[in-house]
1. Counting every Cα pair in the range 1-119, what percent are over 22 Å apart?
2. Return the Rg/Rh value of the range 203-271, two decimal places, where both radii are evaluated on C-alpha atoms and Rh is the Kirkwood radius.
3. Which whole-angstrom value gives the distance between the alpha carbon centres of the range 6-41 and the range 84-143?
4. What size of dipole, in debye to the nearest 20, comes out for the range 129-271 about its Cα centre when the only charges are +1 on Lys and Arg C-beta atoms and -1 on Asp and Glu C-beta atoms?
5. For the range 158-235, what mean projected area does the convex hull of the alpha carbons give, in nm²?
6. Using helices alone, what [θ] at 222 nm do you get for the chain, with -39,500 (n - 2.57) per DSSP H run of 4 or more residues, divided over all residues and rounded to the nearest 500?
7. In the chain, with Lys and Arg counted as +1 and Asp and Glu as -1 at Cβ, which of these residues, N13, W267, L145, has the Cα nearest the positive end of the dipole, that is, farthest along it?
8. Most mobile of R217, R17, R186 per a Gaussian network model of the chain (Cα springs, under 10 Å)?
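The values are calculated or read from the model by the stated rules, or taken from the named source; none is laboratory data. It should be emphasised that the depicted structure is a prediction, and the values quoted were computed from it without experimental measurement. Note that we place each Cβ from the backbone using ideal geometry, even for glycine, and neighbour counts take in every protein chain shown. Accessible surface is based on the protein model in full, side chains and every heavy atom, while ligands, DNA and RNA are left aside. Shrake-Rupley method; radii C 1.70, N 1.55, O 1.52, S 1.80 Å.
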Amino acid sequence: MTVFEVLDETSRNTGLRDRILEVLDKVAPHVAETTGLPLPAHARYRLLTPKAWRKEVRLNAQRILVRDMAELDLTPAEIDRTRTALKIAGFFPVLIWPLVLARTQQAADAQRETIMAPKTWRHAGLLAHDPALHQVVAHELVHHLQDEARAGEVWKTYFPAKRELGKIPRASFTYVLEGHATWADRQVTGRLFGTPADHRQAQKSWRYRLHDNRVIRRLGPSREAYEQGAALIARAVEVHGTHSVNRIWKDIHLLPTAEELTDPDAWARRL
């Protein structure tokens, strides 16, 4: 049985904390059945202020680099370039935070957790759109299941070439991770509400709309990765079922090639 832990670190959203717990209990069986992946023993969700959320994103990026430095043979120049790139990227969350509804990552204590800012949810209209709230909670729970099933650190690294990825493009990881979660959240909310939920239909605030433009979008979530990735997973599941698709978590060489990213039928044939 999974123990769900939702922490309100804003001290102002106890009602939302309790609501998320209710939604987790509701969507968890459907997420497990849809994906064919086992639920983890523990799943932690944290409600943060936007400032605290941005800090956690930056700290996670630094932890990935520290792990790469410990496990890979990196040159001083490679480390310096990556540190500089992370400093620049550290400013991106200031611009994109209203667009990122939640993020699942590894915390300092090595516990997998989902971090979210209730203020973001208000701007995105989730608090007044129950299906969309279920969608986001289910989507992030899928990421917990993915992390539990994945093998190796190759999924989160700044030096993929040094982890023997061969010709697998970095985009494949994003397409599969987000596409799989998007495909699953649509299946789950379709069961619960009769039609798949789409958080984009929720009424957005002026602040959200201000940030939701082509320039800022390029710094944040890629809609193409979600949509095309979901099409890849949907086709593969249709042809082979979830059991075969779930082999990708252990064997990265089954990930889509650059050509297969836009050709679901070709990827399904290779699987």
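1. Details: 3227 of 7021 pairs.
I get 46 percent for the Cα pairs in the range 1-119 exceeding 22 Å.
2. Working: Rg = 15.8 Å, Rh = 13.8 Å.
Radius of gyration over Kirkwood radius for the range 203-271 works out to 1.14.
3. Here the answer is 14 Å between Cα centres.
4. Details: 21 positive and 18 negative charges, 88 e Å.
Value, rounded to 20: 420 debye.
5. Result: a mean projected hull area of 7.1 nm².
6. Details: 12 runs with 153 residues, N = 271.
So the helix-based figure for the chain works out to -18000 deg cm²/dmol.
7. N13
8. Highest fluctuation of the listed residues: R217.
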